[in-house]
Amino acid sequence: MNERDTSYRRLLEGNKKWVQRVMDADPEFFGRLAHGQQPFLLWIGCADSRVPANEVVDAVPGEVFVHRNIANLFVHTDMNALSVLEYAVNHLSVRHVIVCGHYGCGGVRAAMSARHHGMIDNWLRHIKDVYRLHQNELEAIADPTQRERRLVELNVVEQVYNVCKTSIVQESWQKTRLPQVHGWVYDVANGLVRDLQVNFSGLDEMAAIYEFEPRGA
Ligand code: CO
């Protein structure tokens, strides 16, 4: 007979302490948030427990709209991700979309191996596709750790492209030139974010094959 695990109770206690701490610093905090959210940023990150969106950028509740999955993928047939992007861009009018990967990503590591991991292999296939796109560059890197780090970066860049290729972002660009789309990598070993400097805010920076003409044209 398994003993019932009660470690989760610590979280309920933690919640009470957190509310008290926030209220002590700013008694109006929850009252303000109750009126609605106006995040300026959509964060697309990895589900990894070491990369919590708000904490790593020192943001408070209400500032970051968050979508996380294994290995921070933006797959254009993923209804969940598309719904998040559509809502963030068209209803919340976020000014920035940040795809944030991280070094030491278990999803990227698994995708580089030939091991079976179960159903998740179908999800990680998207990373194998990124590998194939950049196979020559990656296989010229002799050190396996450096090769894995490079695939983490290339995967972020590819997901930035995937966000930009959507009709959601393109139609918004045609109207407002927003959102700006960025690619970042977080280092779990030192807590620092690296901006990969892949920033898009217009069609002219995209490959022509993905461009849609303006509606009604
Ligand atoms: Co990860």
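The values are calculated or read from the model by the stated rules, or taken from the named source; none is laboratory data. Everything numeric in this text was worked out from a predicted model, so none of it was measured. A quick note on method: Cβ atoms are made from the backbone with ideal geometry, for glycine too, and the neighbour counts reach across all protein chains shown. Just the protein is used for accessible areas: all its heavy atoms, side chains included, with ligands, DNA and RNA removed. Shrake-Rupley method; radii C 1.70, N 1.55, O 1.52, S 1.80 Å.
Taking label positions 7 Å along the Cα-Cβ direction at both LEU192 and LEU12, the computed distance is 4.3 nm, reported to one decimal. Ranked by solvent-accessible area (1.4 Å probe, protein heavy atoms only, all chains present), the residues VAL157, VAL97 order from largest to smallest as VAL157, VAL97. Rounded to 0.05, the FRET efficiency of the ASP129 and SER49 pair, given R0 = 35 Å and the Cβ-Cβ distance, is 0.85. Taking all protein chains together, TYR8, TYR103 sort by accessible area into TYR8, TYR103, largest first [probe 1.4 Å].
Computed over the chain, relative contact order equals 19 percent, with contacts defined as Cα pairs under 8 Å that lie 6+ residues apart. Computed with a 1.4 Å probe on the full set of protein chains, the accessible area for SER93 sits at about 70 Å². With all protein chains in place and ligands, DNA and RNA left out, the 1.4 Å accessible area ranks ARG150, ARG177 as ARG177, ARG150, largest first. Label the chain by shape, choosing from rounded, prolate and oblate, from the square roots a ≥ b ≥ c of the eigenvalues of the Cα gyration tensor; if a/c is under 1.5 it is rounded, and otherwise prolate applies when a/b is larger than b/c, oblate when it is not. Oblate, because a/c is 1.5 or more while a/b does not exceed b/c.
For the chain, the dipole from Cβ point charges (+1 on Lys and Arg, -1 on Asp and Glu) about the Cα centre works out to 440 debye, to the nearest 20. Bridgeable lysines around LYS175 (alpha carbons under 23 Å apart, same-chain partners fewer than 8 residues away excluded): LYS165.
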